[in-house]
Amino acid sequence: MPLTQRLIFAALSGVLLAAAFPPYHLPYFLPLAIAALLKALEGATPRQGFYIGALSSGIHTGATLFWLANLFASAVVPLCVIVAFFPILFCTLWPWLGKKLPLWCAAVLWVGLEFYRAELFALNFGWSTLGYCVAGRPVFTPLAASFGVYGISFLAFFLGTLKGRALALATTLWAVACVVPLSAPQPERPLRVLLVQAYGDEEALFKLSEPHEDLDVILWPEHAFHSDPRVPGKLKFENYWPRLQALAQKNNAHLIFGAHVATGADSDKQYENSAFVLDPQGELIGVHAKNHPVHFVTDGIASQTAKAIPTTLGRLGVPICFDNDYPEVDRRLVQDGAEVLLVPNMDPNEWGSVQHAQHSLLFAMRAMENGRWLARADVDGGTSAVSPNGVEVAHVKNGEPQTLKVTIGRTSSRTLYSLGGWLFGPLCLIGGALLLGQALWYKLRS
């Protein structure tokens, strides 16, 4: 096949991959995207594979992660190159490996590289992982609850290795699965939660949380306080701790909010980005420190601990915003007994609608993987609640300061994913490394 024809298939693949994610969000043709990429690589040389990967991944990455320019200006180019590097690496390796391996092994290599890029690489970033494009589509819940986001990626890629009528049938079934409407389950052991949306205005948070009837939890956003509210500020009105305790008491509800806990002399940089949990008597009963600070910004010091917080409502998981971009934090919380996930969140208004929509997919996937209800209080329009099958049951419509009252459930049962299915991604990485090692061994012997 001439290189020009290969590049046409590569461009088609990139367009279809990009179309699967917001702002387009048309994941119906994902198996065809993989099939087009593999067709371009069929019989190619590693050098041709590099060009194919660069074109396909360049289109995919540029058309979905263009919003990075809002945050990093011209640095968006090297950041997109880093994200695109791993699909390019796949396309460079597969023409060599594919001569010695069955086509389905390509799915192992692809998912292994996805896992490495998203969780082990120094600049780990998983937003473009294939499986996220169907987050919130409830038909995929059993697979997500068994093998997580990487299990869905593997299925999509495997379907793309099929040929002819088998590929047509697989794509049709995939598309149908994407549109089958299923409703959210009824909440078991209902929990009444008030989600409060506001940013940079502590008084607005207090005012919006004025006594409400029949509440179990009040949830505020991440960074509600840029200091430790237990420590009085320089001004008299900054003595927030008694007010927070009184607020929990007046509502007879648990209060969860984001705050900073200093860990060094420079409290502006040396702090843990934390979520505080107060009981209805106003007593502090638990703190979760963020495990995954956001790259390239001052977001605190990473914690290594993810423990559920015992309360009279059951054990609560309170992962903070970017923690949910990684499967392992929510999984560890659920393994420690978390029955619900309550998230102080911060998706600021400078993100834009596309970044908001893409981030929502990650929260839906965490709910599907762990079989848990998830609610998050955001600062600018991301305030929402998601059921265990990924269906969003409530969402605010704008970024104005406001509240959202939701009823969600508590679940104690564990999914196969949390019991061990989460190892699927690491096993694909090991499998991909073994395939590469085997090919190198054969080459050295020859």
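The values are calculated or read from the model by the stated rules, or taken from the named source; none is laboratory data. Everything quoted here is computed from the prediction, not taken from an experiment. Here the Cβ positions follow ideal geometry from the backbone for every residue, glycine too, while neighbour counts run over all protein chains shown. Accessible surface areas use protein heavy atoms only, side chains included; no ligands, DNA or RNA. Shrake-Rupley method; radii C 1.70, N 1.55, O 1.52, S 1.80 Å.
Would you mind computing, in nm to one decimal, how far apart the modelled labels at Leu26 and Ser183 are, each placed 7 Å from Cα along Cα→Cβ?
3.1
For Leu440, tell me the accessible area in Å² from a 1.4 Å probe, rounded to the nearest 10.
Spelled out: Leu440, probe radius 1.4 Å, area about 80 Å².
Take the chain, mark every one of the GluC sites (Glu not before Pro) that falls in a DSSP loop and has at most 16 other Cβ within 10 Å, then report the longest stretch left between them, sites excluded.
By the stated rule (loop sites, at most 16 other Cβ atoms within 10 Å), 284-446.
When the dipole is taken about the Cα centre of the chain, and only Lys, Arg (+1) and Asp, Glu (-1) are charged at their Cβ, what size is it in debye, to the nearest 20?
Magnitude of the dipole: close to 1900 debye.
Per DSSP H run of n ≥ 4, the term is -39500 (n - 2.57); total these for the chain, divide by its residue number, and report the mean residue ellipticity at 222 nm rounded to 500 deg cm²/dmol.
That calculation yields -14000 deg cm²/dmol at 222 nm.
Considering only the other residues whose Cβ falls under 14 Å of the Cβ of Pro87, what net charge follows from Lys and Arg at +1 and Asp and Glu at -1?
0
With all protein chains present and a 1.4 Å probe, how do Thr298, Thr403 order by accessible area, largest first?
Thr298, Thr403
At most 13 other Cβ atoms within 10 Å and a DSSP loop assignment: could you name the trypsin sites (Lys or Arg not before Pro) in the stretch 254-313 that fit?
Lys269
Please calculate the 1.4 Å probe accessible area of Ser227, with all protein chains present, and give it to the nearest 10 Å².
Ignoring ligands and nucleic acids, Ser227 comes out at about 60 Å².
Which Cα, out of Gly164, Cys321, Ala177, lies furthest along the positive dipole direction of the chain (beta carbon charges, K/R +1, D/E -1)?
The listed residue farthest towards the positive side: Gly164.
Kindly sort Met346, Met1, Met368 by accessible area of their heavy atoms, largest first, with the probe set to 1.4 Å.
Met1, Met346, Met368
Can you find, among Ser353, Ala253, Ala63, the residue sitting farthest towards the positive end of the charge dipole of the chain, where Lys and Arg contribute +1 and Asp and Glu -1 at Cβ?
Final value for the positive-end residue is Ala63.
How big is the accessible area of Thr312 in square angstrom, nearest 10, if you roll a 1.4 angstrom probe over the protein chains?
Counting only protein heavy atoms, the figure is 130 Å².
Give me the extension gain from Glu283 to His212: residue separation times 0.36 nm, minus the current Cα-Cα distance, reported in nm with one decimal.
23.6 nm
What are the trypsin sites (Lys or Arg not before Pro) within the stretch 330-382 that DSSP puts in a loop, where the Cβ has at most 11 other Cβ atoms within 10 Å?
Within the stretch 330-382, no trypsin sites (Lys or Arg not before Pro) qualify (loop, at most 11 other Cβ atoms within 10 Å).
Count the lysine pairs in the chain that are 8 or more places apart or on different chains: how many have C-alpha atoms under 12 angstrom apart?
Here the count comes out as 4.
Select from the stretch 150-213 those trypsin sites (Lys or Arg not before Pro) which occupy a DSSP coil region and have at most 15 other Cβ atoms within 10 Å, ordered by residue number.
Sites meeting the loop and neighbour criteria: Lys163.
Assuming R0 = 25 Å, what is the FRET efficiency of Asn239 and Thr305, from their Cβ-Cβ distance, to the nearest 0.05?
Here the calculated transfer efficiency is 0.30.
From the phi of every residue in the stretch 61-67, what ³J(HN,Hα) in whole Hz does the Karplus formula 6.51 cos²θ - 1.76 cosθ + 1.60 yield, where θ is phi - 60° and glycine or proline is x?
Along the stretch 61-67, the couplings run 5, x, 7, 10, 10, 4, 5 Hz.
Under a Cβ-Cβ cut-off of 12 Å, what is the net charge of the residues other than Leu215 that fall near it, where Lys and Arg count +1 and Asp and Glu count -1?
My count for the surroundings of Leu215 gives -1.
Among Asp325, Asp228, Asp214, which one shows the biggest mean-square fluctuation in a GNM of the chain, springs joining Cα atoms closer than 10 Å?
The residue with the greatest mean-square fluctuation here is Asp214.
Using only alpha carbon pairs under 8 Å that are at least six residues apart, calculate the relative contact order of the chain and give it in whole percent.
It rounds to 18 percent for the chain.
Apply 1/(1 + (r/R0)^6) to the Cβ-Cβ distance of Gln5 and Leu123, taking R0 = 41 Å, and write down the FRET efficiency to the nearest 0.05.
Efficiency, from the Cβ-Cβ distance: 0.75.
Over the stretch 125-170, what is the mean sequence separation of C-alpha contacts under 8 Å (at least six apart), divided by residue count, expressed as relative contact order in percent?
Result for the stretch 125-170 is 35 percent.
Under a Cβ-only charge scheme (Lys and Arg +1, Asp and Glu -1), can you give me the dipole magnitude of the stretch 192-304 about the Cα centre, in debye to the nearest 20?
160
For an R0 of 60 angstrom, estimate the FRET efficiency from the Cβ-Cβ distance between Glu203 and Leu173 and round to the nearest 0.05.
According to the calculation, E is roughly 0.65.
Starting at the first residue of the stretch 419-428, write each ³J(HN,Hα) from the Karplus equation 6.51 cos²θ - 1.76 cosθ + 1.60 with θ = phi - 60°, in whole Hz, x for Gly and Pro.
7, x, x, 5, 6, 4, x, x, 5, 5
With a cut-off of 8 Å between alpha carbons and a minimum separation of six or more residues, what is the relative contact order of the stretch 263-390 in percent?
Answer for the stretch 263-390 is 17 percent.
Taking 0.36 nm per intervening residue step and subtracting the Cα-Cα distance, what contour gain separates Phe296 from Ala433 on full extension?
The Phe296-Ala433 span can extend by a further 46.3 nm.
Quick check: residue separation of Lys100 and Ala73 times 0.36 nm, minus the Cα distance between them. What number comes out in nm?
Roughly 5.4 nm would be gained on extension.
So, in Å, what gap is there between the alpha-carbon centers of the stretch 150-226 and the stretch 31-104?
About 29 Å separates the Cα centre of the stretch 150-226 from the one of the stretch 31-104.
Counting only protein heavy atoms and a 1.4 Å probe, tell me what percentage of the chain's accessible area is made up of carbon and sulfur.
It is 62 percent, rounded to a whole number.
Please turn the phi angles of the stretch 353-362 into ³J(HN,Hα) values with the Karplus equation 6.51 cos²θ - 1.76 cosθ + 1.60 (θ = phi - 60°), one per residue in order, whole Hz, x for glycine and proline.
Each residue of the stretch 353-362 in turn: 5, 5, 5, 4, 5, 5, 5, 4, 4, 5 Hz.
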